[in-house]
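The values are calculated or read from the model by the stated rules, or taken from the named source; none is laboratory data. Note that the structure is predicted; figures quoted are calculated from it, not measured. When we count neighbours, we look across all protein chains shown, and the Cβ atoms used for this are built from the backbone with ideal geometry, even at glycine. Note: areas computed on protein heavy atoms with side chains; ligands, DNA, RNA excluded. Shrake-Rupley method; radii C 1.70, N 1.55, O 1.52, S 1.80 Å.
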Amino acid sequence: MESNVALKDIAKLFLKLGIIGFGGPAAHIAMMQEEVVVKRKWLTEQHFLDLLGATNLIPGPNSTEMAIHIGHEKGGWKGLIVAGLCFILPAVLITGFLAWLYKQYGQLPEVQPFVYGIKPAIIAIILGAIFPLAKKSLKSVELAVIAVLVLLFSLLNFNEIYLLFGAGFLALFLASVRNRNTTINSVFPLTFLQITNTTILSATNSNLFWIFLKIGAILYGSGYVLFAFLDTELVATGLLSRQALIDAIAVGQFTPGPVFSSVTFIGYQINGLSGAVFSTIAIFLPSFVFVALLNPIVKKMRNSKLFSAFLDAVNVASVAIIVTVCFEMGKETITDWRTVLIAVLSIAIAFGYQKINSAFVVLGGSLLGYLLFIIK
């Protein structure tokens, strides 16, 4: 098995995956495994699993970081950049085009019937995505208690960033008590991260860049947690309406590639093309930096009982926060028998046919919403 491959081959593969990669991070990683391990034999199964484990130890979107890891393994620094950009750019360009269309026509009556049905379907997709994550993350009574506490505080509008890291540090403390002979600092090199809750007063590009850089640098768990953070940073501060946030989620689901491309849509709505560019660079930049810098210490962190406890707690906290987001969205979008019907059908499909592409659920909700909207 050769150690390096041509950059053009790396580019072709991840450009292809960026174009056809519907279905979320799990689907993306499955496609990468098929292409890299089975077809091309660039990596062994064990090496691929090691890289996959590494993505769970650092913040950021898992499938994007997986692409960056593979690029780095097969093409060094150039491969890292090429793989990451080729995987991200198709989604960003498609989302940017949809953001322009939304800005031009999103409020027209001809479009509203389709948007009407998308919103309840999105809630179903999110619930369907977090259900297996919830089953996997609730490994103990201790984690279940942490999940309930985070859910309660989240419903009381506590900042999601503090809840996520608070849960992690609580689990870290409990684990350290059980392992008194282990030094926390020796296995937790990321404690230098300082989380601040900046009050945003204006929609300048520098503010947008800071918001998304901060989120990209600390976001653990599912990509859907991104929207909980955005609700706090943008909706609560008046820079973005919750409706626009929900529409951004819909766009992220309906387009291929990483769901983080929704940030391109949001940046465009707030500050046009420049806002989209600054926001997109900021949200993805930490992933490139973390993969490049933290790779040498990944094995040490992965083998640490304390750091594993931290990640377990962050995962259950992520699930609790997503449930809160769904609850808030449901209050605003499921308001009549039509939206209730769309939500129930979408949930039945999302849970009954778990392998179905989420884009089809969004499309189905949109078409059903259109039909119900025009006959009311």
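How do 69-78, 118-127 rank on mean C-beta neighbours within 10 Å, highest first?
Numbers: 69-78: 20.4, 118-127: 25.1.
My ranking of the peptides, most packed first, is 118-127, 69-78.
Just need log10 I(q)/I(0) for segment 38-162 at q = 0.10, 0.12 Å⁻¹, Debye formula, equal scatterers on the alpha-carbon atoms, no solvent, rounded to two decimals.
Summing over Cα pairs of segment 38-162 leads to -0.59, -0.82.
Per-residue counts of other Cβ atoms within 10 Å, averaged by peptide: what ranking do you get for 272-282, 332-342, highest first?
272-282, 332-342
If you roll a 1.4 Å probe over segment 137-180 with all protein chains in place, what percent of the accessible area is carbon or sulfur?
73
Taking a cut-off of 29 Å between Cα atoms, list the lysines near LYS39, but don't count ones fewer than 8 places away on the same chain.
Partners within reach: LYS8, LYS12, LYS16, LYS74, LYS78, LYS299, LYS355.
With a bin width of 10 angstrom, please list the P(r) values of segment 1-103 as percents of all Cα-Cα pairs, from the 0 bin to the one holding the largest distance.
Each 10 Å bin holds this share of Cα pairs: 16, 50, 27, 7, 1.
Points 7 angstrom from Cα along the Cβ direction at TYR105 and ASP336: gap in nanometres?
According to this spin-label approximation, the distance is 2.4 nm.
Starting with the highest mean, order 162-168, 33-39, 234-240 by the number of other Cβ atoms within 10 Å, averaged over the residues of each peptide.
Per-residue Cβ counts within 10 Å, averaged per peptide and sorted highest first, yield 162-168, 234-240, 33-39.
Considering only protein heavy atoms and a probe of 1.4 Å, how much of the accessible area of segment 5-78 is carbon and sulfur, as a whole percent? Walk me through the intermediate numbers first.
Numbers: 1910 of 3020 Å².
The computed percentage sits at 63.
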